[in-house]
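The values are calculated or read from the model by the stated rules, or taken from the named source; none is laboratory data. Note that the structure is a prediction, hence the values are computed from the model and not measured. As a convention, Cβ positions derive from the backbone with ideal geometry for all residues, glycine included, and neighbour counts pool all protein chains shown. Protein only, heavy atoms only, side chains kept; ligands, DNA and RNA dropped before computing areas. Shrake-Rupley method; radii C 1.70, N 1.55, O 1.52, S 1.80 Å.
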Amino acid sequence: MSGLVSAGVSELAAKLNNFVAENRLPGATAAVVRGDELAWIAGTGFADQDARRPGQPDTLYRIASITKTFTGTAVMQLRDAGRLDLDDPAVAYLPELRNAVSPFAAVETVTIRRMLSHESGLAAEPPGTDWSVPLYQGAPEVTLAQASDIVLTLPPNRQHKYSDIAYQLLGEIVTRVSGTPYPRYVQESILDPLGMSATAFEPLEQLLLDRRATGYDWRTVSDQLDPAPAMSPVWAEGGLWSCAEDMARWLSFQLRAYRQLPADSPVLSAASLREMHKPRYLADDDWTSAWGISWSANRHDHVTWIQHSGALPGFTSTVCFDPRTQVGAIVLINGTSRNVELAAELASVARRLAPSAPPATQTPTPMPERYRPLLGIYAGSGLAGGVLRLEWRDGKLAFVNQEPAPFRLALEPTSNPDTFVAEQGSFLSGENVTFHRRADGRVISVLLVASTFLRLDPVPASE
């Protein structure tokens, strides 16, 4: 048991047990992560009531719409590989969308980026959906074959509008661009590299089938629990099964994007992960909820939690994490309930205890020798007045300053050894930073975007 939460084990268990009891749920599994560590995990109630099989850390649940975070990751992989652009219109890859009903704007305004962030204006569900049955068309090729029934219900960017059909079509874009069926692409390019061996689409292997929880329908006027009706296959918008142990691996992967590590993950770079988490627009009038790429951000008690939830007949799920304190929580339930609050409560317990945990010791990243002549103090004048220090820290070359306000600008190298660009995500993102030298090679100044800073060298007592 992690030292981080050992003092809070009883509190975490009580919150989980009370939530299941108060909401009259069959069972649940929950977990807390701290960085790369699975800090706490527990099950309560039953994965199958008739068999009296308890919920366990390795019990499989449908994670439903949390699958969308994997779909978004697949799209970002293809973007980073130069196979597509987020601002490409979806119709460029799905020509069948020419037949969609688009009364507000040209169909080309439905872009991949807008679909990823639920601002495309597409309808919420595929044509013919009726969740009371449940009746759901999960095959994108069938949906596209009846593209004239696909409707743009709002102008793009008008408001937040959650869309399952958008993600179903994004899965088909992954298939067509990669040349690999979407489920196999996710398995080979995301799940396998991250060691998520208990996360899969249907049909599940027998070993995983034996670990599945039974999903139960809503309680109505009786405590009698009935198994939820069978669900037709779902893919990119909500088809994954997983367990709390594997979802802990998924959250740890997200949290690594905010730590200085020697190298990026082969799955997705830290910069691209942070891009997914970064809010693109506010989703409510209270300024407490925003959406990025496949993830939402929700503010509770002055903490911004990056999160996603999911629900399908018989199952509800939530994952959330706080990049700053490197904590997160997972809640998987084989019943129907709003478990967002429980996930936030569990994560808040871990966050409260996090400051007492010593930071992990990292081996410093060696500095390339070619950077040594650049290091030092640089002074500006006029509007760019002030002193900046160029240093090598946390594996990056960066300008830093403490006055008049804390300042840090990391630099990314280019093919020219004296020219860098400001790190993506910074306030000067993509701008050039060019060092100038004397004829003897000594660095004398730097042009930081549009301001020159002179290098201040030590004055020797004698030459």
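Couple of notes before you dig in:
- Scanning the stretch 369-402 for residues that are part of a loop (DSSP other than H, G, I, E, B) and at pLDDT below 95, we see that the one that is surrounded by the most Cβ atoms within 10 Å (Cβ to Cβ) is G395.
- Some residue of the stretch 103-116 being part of a loop (DSSP other than H, G, I, E, B) and polar (S, T, N, Q): no
- Selection count, the stretch 67-102, where residues are assigned to a helix (DSSP H, G or I), touching a strand residue (DSSP E or B) at 6+ places or on another chain (Cβ under 8 Å) and either under 20 Å from A290 (Cβ atoms) or of a type in the set (D, E, K, R) (or both): 2
- The stretch 232-255, residues that are over 14 Å from L38 (Cα atoms) and surrounded by fewer than 20 Cβ atoms within 10 Å (Cβ to Cβ): S232, P233
- Selected residue (only one of A90, A42 is in contact (Cβ under 8 Å) with a residue 40 or more places away in the chain and of a type outside the set (V, I, T)): A90
- Flag if N339 is in contact with a Pro (Cβ under 6 Å, 6 or more places away or on another chain) and in contact (Cβ under 8 Å) with a residue 40 or more places away in the chain: no
- Filter result for the condition that a residue is under 20 Å from V107 (Cβ atoms), among the aliphatic types (A, V, I, L, M), modelled with pLDDT of 95 or more and surrounded by 15 or more Cβ atoms within 10 Å (Cβ to Cβ), over L169, L152: L169
- Of all positions in the stretch 315-334, at least one carries a residue that is of a type in the set (K, R), assigned to a loop (DSSP other than H, G, I, E, B) and either modelled with pLDDT of 95 or more or more than 22 Å from G215 (Cβ to Cβ) (or both).
- Among the residues making up the stretch 403-429, those that are crowded, with 17+ Cβ neighbours inside 10 Å and under 25 Å from T363 (Cβ atoms) are L409, A410, L411, F420, E423.
- Residue within the stretch 119-141 that is within 20 Å of the chain's Cα centre (by Cα) and surrounded by 22 or more Cβ atoms within 10 Å (Cβ to Cβ) present: yes
- For P26, the test of being open to solvent by less than 10 Å² (accessible area, probe 1.4 Å) and more than 27 Å from the chain's Cα centre (by Cα) is passed.
- Restricting the stretch 26-54 to residues that are in contact with a helix residue (DSSP H, G or I) (Cβ under 9 Å, 6 or more places away or on another chain) and not in a strand (DSSP E or B) leaves a set whose member that is nearest to T325 (Cα to Cα) is G35.
- Selection within the stretch 430-448 - open to solvent by 50 Å² or more (accessible area, probe 1.4 Å) and in contact with a strand residue (DSSP E or B) (Cβ under 9 Å, 6 or more places away or on another chain): E431, N432, H436, R437, R438, R442, I444, L447
- Failed item in (1) touching a residue at least 40 places away in the same chain (Cβ under 8 Å); (2) part of a loop (DSSP other than H, G, I, E, B); (3) of a type outside the set (K, R); (4) under 30 Å from E412 (Cβ atoms), with S272 passing the rest: (2)
- The set of residues in the stretch 245-269 being in a helix (DSSP H, G or I), over 20 Å from D192 (Cβ atoms) and not hydrophobic (A, V, I, L, M, F, W, C) consists of Y258 alone.
- Residue count for the stretch 317-339, restricted to those that are more than 13 Å from the chain's Cα centre (by Cα) and open to solvent by 10 Å² or more (accessible area, probe 1.4 Å): 6.
- Some residue of the stretch 282-290 being open to solvent by less than 30 Å² (accessible area, probe 1.4 Å) and either part of a strand (DSSP E or B) or under 19 Å from A31 (Cα atoms) (or both): yes
- Qualifying positions in the stretch 37-87 - open to solvent by less than 40 Å² (accessible area, probe 1.4 Å) and acidic (D, E): D48
- Identity of the residue in the stretch 218-231, open to solvent by 60 Å² or more (accessible area, probe 1.4 Å) and not β-branched (V, I, T), that ends up modelled with the lowest pLDDT: D223
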